[in-house]
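Structure first, commentary second.
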Amino acid sequence: MNFTKNAGTIDRAVRALVGIALIALTLTGQLGVWGWIGIVPLATALIGWCPAYTLFGLNTCKS
């Protein structure tokens, strides 16, 4: 599998914020168990690779 980075800086920042927000809302009891899905955008932000982008041929990294 090719894990070449395909998520750009702004994309990764937004993913990280969304992931952290979902997890925080879950930990504070404002969101149910589904808030743990925030792990996915947080993980993709940390590694800079999104499997869905690969599937659809998208890339937000600057060349």
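Just for segment 1-37: of the residues that are touching a residue at least 12 places away in the same chain (Cβ under 8 Å) and outside any helix (DSSP H, G or I), which one is most open to solvent (accessible area, probe 1.4 Å)?
This residue is PHE3.
When residues of segment 38-57 are filtered for being of a type outside the set (S, T, N, Q), open to solvent by 40 Å² or more (accessible area, probe 1.4 Å) and assigned to a helix (DSSP H, G or I), how many remain?
Total meeting the criteria: 11.
I'd like to verify a number: residues in segment 4-63 that are within 12 Å of the chain's Cα centre (by Cα) and basic (Lys, Arg), how many?
2
The values are calculated or read from the model by the stated rules, or taken from the named source; none is laboratory data. It should be emphasised that the depicted structure is a prediction, and the values quoted were computed from it without experimental measurement. Note that each Cβ is placed from the backbone with ideal geometry, even for glycine, and that neighbours are counted across all protein chains shown. With ligands, DNA and RNA removed, areas are computed over all heavy atoms of the protein, side chains included. Shrake-Rupley method; radii C 1.70, N 1.55, O 1.52, S 1.80 Å.
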